[in-house]
Amino acid sequence: MGSVGAIQGERHLPPVAEKRRPSGLGAVTAVLFLASPLLLLFFLFGDRAAASIAADYPAWQRFKVQSSGNAPSSRRAERGAHDRLLSGLLSPDFDGATCLSRYEASKRWKPSPFPVSPYLIQKLRRYEANHRRCGPGTANYRAAMAQLMSGRNADGAECKYVVWLPLQGLGNRMLSVVSTFLYALLAGRVLLVHEPPEMEGLFCEPFPGTSWVLPPGFPYTDGFSASTKESYANMLENNIVRSDGGGDASALPAYVYFHLEQIGLRLQNHTFCEEDHRVLSRFNWMVLRSDSYFAVALFLMPVYRGELDRMFPAKASVFHHLGRYLLHPGNRAWGIVERFYDGYLAGADERLGIQVRPAPFLPITSEDMYEQIARCAREHDLLPRVTGTSGDNPGARLPASGVAKVKAVLVVSLKPEYYDKLHSVYYTNATATGEVVTVFQPSHDQDQHTEALAHNERALAEIFLLSYSDRLVTTGFSTFGYTAHSLAGLRPWLLLLPDRNTMTAEVACVRSASVEPCLHSPPSLVCRAEQDLDPVAHVPFLRHCEDVDFGLKLI
């Protein structure tokens, strides 16, 4: 998993603070007894021992956090009194032990900035009932599979399905599966998720009394692309279907493939036009493959607008609510979250998350990227200034209480360089505010390995760890960063993409207008028209994204 570091800015206690130090031999003996295994490990292995300590010495970690004067009681009370069911989003009909994160995740999140619509809760409970009626193992599912294998569509079928196929990395997958679920809610379909080996057990079952996992043996999970003849766009072009919806539904093919991959940063035509969705609704089986947050595009369709308005009075709450409802880390990934958070982050007065993922199509150096992060933190007062080496300048005095505030900085990146530089700054220098700054990085796998389950578990854990921040800095254009700040309900500071020629960003970062992810690849607003319109000019709750100027986001 890489290394974990915890380096504190040096602190100098005044005489009054010195007098508060425990002097009893019993307390000192107890601390030395508990600390001796840790001292030996750090002497032998340094920072790399820290990851295992959180798991192997939970008693020490609890002692450290509980005995720290830096975690105010108000923060502990706030985190302790959590909303177990997320204001009714979650069903209480689960055994908590089967999925530890389902009812535990809210202990660490800040309160949601968005009220949950009673209508959304009603829609979710209705969906759950329909999934139990039509899901895997039911008579309805067996009948639907028999129809599928017959090679023809059925008119007036009891249940309709959308099969989600994964594409790209974990952030893309989380955005697209939430979008697909929203489509299922609107279109009255049952969502089934194809779970390849690299995703087995990554997420818990979200629907009580049934499964969302596509059963083994489903015949249509591989070989799909924009050129697939079963895609809706190609069916239209080849006159297999008609955009006016005419013809006998039972004469249609057994399924339709819906391709929603961003190609040249543009979704295909005929993807979010009302007449096309009327045709798509006639198919009982849809296979969908996407790497995009196409939930935004559903708001462009008048046929869905009324339902969406009732489910999401606050338009910027879509992924925030549906992500918290749908995406619960499996117990292995959740174990990483709990051990790391409780061991390293829980005792801090404030947590700052920094997610770094330079765009692969822009070869920016780590030095330039770090300088941009430092500029962002400096210009927006996200990190305290340092005053030079502690030997030359002891920094600011402690507050009157004699207790320094602790700011924990969580760095999430495939590379170790950003953590190393930030760690060095607060190891070598005192802070001007007297704050103690601790810097951590859970892992650095160097390269993305979406094909590996363990890599995805670490990535999912780090998304959730970022979502427990009080403030967030994320990298523009990164779907990984989008999921973290949307789950958190935080408007992040977005690190903007650098200029292609100079490889520097004129503006280091900007505050996002909403917590929603960005749709990088918008569809046409005017269907079957020669000239397209800018949706932002015609839809009041849409804006172009700060990090992708042609992208769309809900505000």
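The values are calculated or read from the model by the stated rules, or taken from the named source; none is laboratory data. Keep in mind it's a predicted model, so treat the numbers as computed, not measured. Please note: Cβ atoms are built from the backbone with ideal geometry, for glycine as well, and neighbour counts cover all protein chains shown. Just so you know, the surface numbers come from the protein's heavy atoms only, side chains and all, with ligands and any DNA or RNA stripped out. Shrake-Rupley method; radii C 1.70, N 1.55, O 1.52, S 1.80 Å.
What to note about this one:
- Taking all protein chains together and rolling a 1.4 Å probe, Ser478 ends up with roughly 10 Å² accessible.
- Spin-label pair Asp342/Phe218, simplified geometry with 7 Å Cα→Cβ offset, distance in nm: 3.6 nm
- Note on the stretch 71-202: dipole from Cβ charges, positive end direction compared against Thr98, Leu167, Ala154; the farthest Cα belongs to Thr98.
- The heavy atoms of Trp212 present about 10 square angstrom of accessible area, all protein chains included, probe 1.4 Å.
- For the stretch 93-158 versus the stretch 504-555, the spacing of their alpha-carbon centroids is 30 Å.
- Nearest-10 value in Å² for the accessible area of Phe283, using the 1.4 Å probe: 0 Å²
- Dividing the convex hull volume of the alpha carbon atoms of the stretch 178-301 by its residue count gives 133 Å³ per residue.
- Efficiency of FRET between Arg385 and Asp534 - r from beta-carbon atoms, R0 35 angstrom, step 0.05: 0.25
- Loop trypsin sites (Lys or Arg not before Pro), the stretch 430-506, which have at most 16 other Cβ atoms in a 10 Å radius of their Cβ (DSSP): Arg500
- Arg305 paired with Ala452, simple spin-label distance in nm, labels 7 Å along Cα-to-beta-carbon: 4.9 nm
- Rh by Kirkwood over Cα pairs, then Stokes-Einstein D for the stretch 287-422 at 0.890 mPa s and 25 °C, µm²/s: 124 µm²/s
- Three-way shape label, the stretch 93-187, alpha-carbon gyration tensor, a/c 1.5: prolate
- Computed 3J(HN,Hα) for the stretch 206-212, one whole-Hz value per residue from the Karplus formula 6.51 cos²θ - 1.76 cosθ + 1.60 where θ = phi - 60°, is x, 10, x, x, 7, 10, 9, glycine and proline marked x.
- P(r) histogram, all alpha-carbon pairs of the stretch 137-251 included - 5 Å bins from 0, percent: 2, 9, 16, 22, 23, 16, 8, 4, 1
- Out-of-range pairs (alpha-carbon distance over 27 Å; input Lys110/Lys315; Lys123/Lys315; Lys405/Lys553; Lys107/Lys405; Lys123/Lys229): Lys405/Lys553; Lys123/Lys229
- Candidate lysines - alpha carbon under 19 Å from Lys421, same-chain residues fewer than 8 apart omitted: Lys407
- Ordered from largest to smallest accessible area (heavy atoms of protein chains, 1.4 Å probe), the residues Tyr344, Tyr257 come out as Tyr344, Tyr257.
- Note, ³J(HN,Hα) from phi for the stretch 430-440, Karplus 6.51, -1.76, 1.60, rounded to Hz, x at Gly and Pro: 7, 8, 5, 8, x, 5, 9, 10, 10, 10, 9
- Accessible surface ranking for Glu198, Glu417, Glu237, 1.4 angstrom probe, highest first: Glu237, Glu417, Glu198.
- Sequence of Cys509, Cys527 when ordered by accessible area, the most exposed leading, probe 1.4 angstrom: Cys527, Cys509
- Taking every C-alpha pair closer than 8 Å and separated by at least 6 residues, the mean separation divided by the residue count of the stretch 244-382 gives a relative contact order of 17 percent.
- FRET efficiency estimate (nearest 0.05) - Cβ-Cβ, Glu506 to Ser281, R0 35 angstrom: 0.15
- Summing charges over neighbours of Ser486, with a neighbour being any other residue whose Cβ is under 11 Å away from its Cβ, gives +2 when K and R count +1 and D and E count -1.
- Summing +1 for each Lys or Arg and -1 for each Asp or Glu among the other residues whose beta-carbon sits under 13 angstrom from that of Val116 gives +3.
- Net charge contributed by nearby residues that have their C-beta within less than 11 Å of Arg385 (K/R +1, D/E -1): -1
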